[in-house]
Amino acid sequence: MIKNNNHRQVTRGSGLLEPYLARLRANKANSLIPDHLRRGRILDIGCGTYPYFLSHTYFKEKYAIDQHEKPEEVSKINWYTLDLNSETHMPFEENYFNAITMLAVAEHLDPSSLVKIFHEIHRILIPDGMLVVTTPAAWSDNLLHMLSAVKMVSKEEIDEHIYVYTLPLLGWYFGKAGFEMTRLKFGYFEMHLNLWATAYR
């Protein structure tokens, strides 16, 4: 369990909307994951300096990957420090996780790394396991940069965005990684400013 601290910064940098946006992402991801998968393991890829989603979801076992070190106040989460832009292999055996999440992460990754990461996710998911992805919609990129300039969202996070995605493009990446197109679902949230996608192995 993670110690509850209402004043804990949920992302790097400053941004008045960051706690609210983190809550929306967590709520969306939780709404997409069926209860029967929660009896197993979840991996949150790119959980950030503070694992907000993992602290607001229930699973039997929780795992995290991020380029930053594990915060001292975090307990009962198996944490792996890894920079996925330079190392795409994940240190887990096949068929290990019931669910994997990548919330506001894909936009920070080199597109050439993303296919390799999705391949790895496909490998380490159990059969009928689920991947959940959220990322800003392509048309929201200019708005996010404007909001970061007035400190509504984190400039540090927005400045590290490498690429933007549409739903068809996310589907293409899933397909390249071996996910069947008939097992994908897509949608929008946050007034169509963000995309969500799920893929079942």
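Every number in this text was worked out from the coordinates using simple rules, so none of it is lab data. These numbers were taken from a predicted model, which means no experiment stands behind them. Cβ sites come from the backbone with ideal geometry, for glycine too, and all protein chains shown count toward neighbours.
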- Within a Gaussian network of the chain (alpha carbon springs, distance under 10 Å), most fluctuating of Gly175, Gly129, Gly187: Gly187
- Item | DSSP bridge pairs, the range 18-200: antiparallel proportion in percent, nearest 5 | 40 percent
- Message: Under a crude label model (7 Å from the Cα following the beta-carbon direction), how far is Met191 from Glu160 in nanometres?
- Response: 2.6 nm
- Message: So if each residue of separation counts as 0.36 nm, and I subtract the Cα-Cα distance between Thr49 and Trp172, what length gain in nm does that give?
- Response: 41.3 nm
- So, in the chain, how many Lys pairs have Cα atoms under 14 Å apart, if the pair is 8 or more places apart or on different chains? 7
- Item | Within a Gaussian network of the chain (alpha carbon springs, distance under 10 Å), most fluctuating of Leu169, Leu24, Leu147 | Leu169
- Message: How far apart, in nanometres, would the label points at Ala149 and Ser86 be if each is projected 7 angstrom from Cα along the Cα-to-Cβ direction?
- Response: 3.3 nm
- Task: Quickly work out the Ser31-to-Glu93 label distance, labels modelled 7 Å from Cα along the C-beta direction, and quote it in nm with one decimal.
- Result: 3.7 nm
- Dipole of the range 148-199 [Lys/Arg +1, Asp/Glu -1 at C-beta], most positive-end residue of Val164, Ser148, Ala197: Ala197
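Based on other C-beta atoms within 10 Å, arrange Asp35, Asp83, Asp44, Asp66 from fewest to most. Provide the component values of the computation, followed by the final result.
Numbers: Asp35 7, Asp83 12, Asp44 26, Asp66 22.
Starting with the residue having the fewest Cβ neighbours, the order is Asp35, Asp83, Asp66, Asp44.
So for the range 18-200, averaging the separation of alpha carbon pairs under 8 Å that are six or more residues apart and normalising by length, what relative contact order in percent results? Walk me through the numbers on the way to the answer.
Details: 324 pairs, mean separation 36.1, N = 183.
Relative contact order comes out at 20 percent.
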